[in-house]
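Working notes, structure below.
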Amino acid sequence: MNQMSHVEKRAITLTVNGENHELWVEPRKLLADALREDCRLTGTHVGCEHGVCGACTVLVDGKPVRACLTYAIQMEGHEVSTIESVATNGVLSPLQQALHEAHGLQCGFCTPGIVMTFEAFLKINPAPSEEEIRDVLSGNLCRCTGYQNIVKAVQLAAVQMRGNADHVAA
């Protein structure tokens, strides 16, 4: 007799991008799936489903977290920020604008995870070295760009966010 066990759903409240979402989820539902399926926030991408590629990176209480490794039920009482929260009133963040200007994206699949990773990183390190940028970027896989223009974009965004008139070599 092949009988599937019944898993009861639980009511949770996810605070995502400043809005509360009342959800009924199985305890094993991943945050990435809850964001995409229940909250209809599809900017969080799921690539490897093992936490390796970084495409699913979101911020939880301001810190990068892999949404494919995190259960939605664990996020109750925490603030989740997704890529949808980064641009304000249709205006790109300095990092998003720099990625555009420096040609730091191509297909765009990895871009939301990279943006979320560096939005958090540049808050704690507003003047990173190239080595520090590359170290942080090593947690995000990109199959298209070769990374050089992503590094340039992060450098450009850091300068712009500091309000510095310095220019990063293009």
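What size of dipole, in debye to the nearest 20, comes out for segment 38-152 about its Cα centre when the only charges are +1 on Lys and Arg C-beta atoms and -1 on Asp and Glu C-beta atoms? Mind showing how you got there, number by number?
Values: 7 positive and 12 negative charges, 46 e Å.
Its charge dipole is roughly 220 debye.
Hey, can you grab everything whose amide H is under 5 Å from the amide H of E79? Only 5+ residues off in sequence or another chain; H modelled, so Pro and N-termini drop out.
So E79 has HN proximity to D61.
Taking springs between alpha-carbon atoms closer than 10 angstrom, which of G146, G43, G51 fluctuates most in the Gaussian network model of the chain?
For the chain, modelled as a Gaussian network with Cα springs under 10 Å, the answer is G146.
Normalising by the residue count of the chain, find the relative contact order in percent from Cα pairs under 8 Å and 6+ residues apart.
On the way: 296 pairs, mean separation 36.4, N = 170.
Reported as a whole number, the value is 21 percent.
Cα convex hull of segment 97-140: how many Å³ per residue?
On the way: hull volume 3.4 nm³, N = 44.
With only Cα atoms used, segment 97-140 gives 78 Å³ per residue.
Mind checking the log10 I(q)/I(0) for segment 34-105 at q = 0.16, 0.18 Å⁻¹? Debye, one equal scatterer per Cα, no solvent, two decimals.
With one equal scatterer per Cα and no solvent, log10 I(q)/I(0) is -0.63, -0.78.
Which of V80, L35, Q155 sits closest to the plus end of the dipole of segment 30-170, meaning its Cα is farthest towards the positive end, when Lys and Arg get +1 and Asp and Glu get -1 on the C-beta?
In segment 30-170, that residue is Q155.
Provide the net charge surrounding Y71, with neighbours chosen by a C-beta distance below 12 Å and charges set as Lys +1, Arg +1, Asp -1, Glu -1. Numbers along the way, then the final one.
Working: positive: R10, R28, K29, R66; negative: E26, D33, E76.
So the environment of Y71 carries a net charge of +1.
Regarding segment 1-71, what's the average projected area of the Cα-atom convex hull, expressed in nm²?
Here the figure is 5.7 nm², rounded to one decimal.
In the Gaussian network model of the chain, springs joining C-alpha atoms below 10 Å, which of A55, A98, A32 carries the largest mean-square fluctuation?
A98
For segment 12-88, what is the relative contact order in percent, using Cα pairs closer than 8 Å and at least 6 residues apart in sequence? Numbers along the way, then the final one.
Working: 145 pairs, mean separation 30.2, N = 77.
Relative contact order, segment 12-88: 39 percent.
Around L141, under 14 Å between beta carbons, what's the net of Lys plus Arg minus Asp minus Glu among the other residues? Don't skip to the end; give the middle numbers.
Numbers: positive: R66, R134, R143; negative: E49.
Taking every other residue near L141 into account, the sum is +2.
For the chain, with a Gaussian network of springs between Cα atoms less than 10 Å apart, report the residue from R134, R143, R36 with the top mean-square fluctuation.
R143
With n ≥ 4 as the cut-off for DSSP H runs, can you work out [θ] at 222 nm for the chain, using -39500 (n - 2.57) per run divided by the number of residues, rounded to the nearest 500? Write down the numbers at each step before the final one.
Numbers: 4 runs with 45 residues, N = 170.
It comes out at -8000 deg cm²/dmol, rounded to the nearest 500.
If all Cα-Cα distances of the chain are sorted into 5 Å bins from 0 onward, what percent lands in each bin, rounded to whole numbers?
1, 9, 17, 20, 18, 13, 9, 6, 3, 2, 1, 1, 0, 0, 0
Readers should treat all values here as calculations from the given coordinates under stated rules, not as data from a laboratory. Please read all numbers here as calculations on a predicted model, not as lab measurements. Heads up, the Cβs are rebuilt from the backbone with ideal geometry, glycines too, and the neighbour counts pull from every protein chain shown.
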